[in-house]
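Please see the structure below; I have some questions.
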Amino acid sequence: MTPTNSPALWPVAPPPDQAALSLAQAARHLTLEQIAVCSGIIAVGLLGFFAARLGMGWLRGKYPGGLTDWLYALRWPIGSAIFYTALDRGLDVLTHLPAWFWPLKSSLYRLLMIIVAVGASIRTADLLVGLARKSFFSEELATDAEVHKVMTRIFRGVILFIAAVIILDNLGIKVLGLLTAAGFLGGALALASKDTLANVLGYFEILADRIFRTGDRIAFEKYDGFVRERGLRSIRLEALSGESLTIPNNQLVNFPVRRL
């Protein structure tokens, strides 16, 4: 960054070598115009942050459904993007800051915008999960809260994985090597956890075949009780005797289950 040629409102000594400056030393060489413009840009960004949040809420209240629901879900990421961008542009005005500050500012801005993008993606994923349930699932599955929870976790997991790859790449870490190592490690873990994978697949088989739902009474081998919770690995069964039992999903798909 090069200093501007605008006159200062008070006499300012020429800055020394910027590479050796600290922030406190550099602050003494800033002009009043620079400080005022920087503060004004940041203030506009702060107003934009609150305007985005309030505006999206107003739009949703006046025109509910569809696009406005999506914009309302993105009110925090949109407002944050406006403020972070204003903060970044405002700091650009302070041309006498030390040389080491600028790459740090640029990296921090990229990181903040990645976080904003992740937040926007997660909120979009939540809406897409709801849309997919209504469009592609039966009415019974579409209204199942557990299906929604599992699908949301899967979508969020994929998004967070992609975000982690992008962040590591921006930090200069060789992602390809990490993914290769993770692939070998994942293969080894998969071989060591076949039962876990079988339980996860069993969960989706229970959903697809509609074997039972939470709250149903089922009889399975020597067990008889009410399904209180379905999970990716197992179900929690409240037996008629009052006991709370945990039964792996792969057992439920490999043996007959009666819904009473």
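The values are calculated or read from the model by the stated rules, or taken from the named source; none is laboratory data. These numbers come from a predicted model, not from an experiment. Reconstructed Cβ throughout: ideal geometry from the backbone, glycine too, with neighbour counts over all protein chains shown.
Pro103: out of contact with any Lys or Arg (no Cβ under 8 Å at 6 or more places or on another chain), at pLDDT 85 or above and within 30 Å of Ala36 (Cβ to Cβ), yes or no?
yes
Consider only pairs whose beta carbons are under 7 Å apart and that are at least six residues apart or on different chains; among these, list those whose first residue lies in segment 240-260 and is touching a residue at least 40 places away in the same chain (Cβ under 8 Å) and whose second residue is of a type in the set (S, T, N, Q) and outside any loop (DSSP other than H, G, I, E, B).
Pro248/Asn199; Pro248/Ser234; Asn249/Asn199; Asn249/Ser234; Asn250/Asn199
While we're here: Given the condition touching a Pro at 6+ places or on another chain (Cβ under 9 Å) and either at pLDDT 75 or above or assigned to a helix (DSSP H, G or I) (or both), answer yes or no: does some residue in segment 125-136 qualify?
Looking through segment 125-136, none of the residues is touching a Pro at 6+ places or on another chain (Cβ under 9 Å) and either at pLDDT 75 or above or assigned to a helix (DSSP H, G or I) (or both).
Looking for something surrounded by 16 or more Cβ atoms within 10 Å (Cβ to Cβ), farther than 29 Å from Val165 by Cβ and of a type in the set (Val, Ile, Thr) - is there at least one such residue anywhere in segment 83-98?
For segment 83-98, residues surrounded by 16 or more Cβ atoms within 10 Å (Cβ to Cβ), farther than 29 Å from Val165 by Cβ and of a type in the set (Val, Ile, Thr): present.
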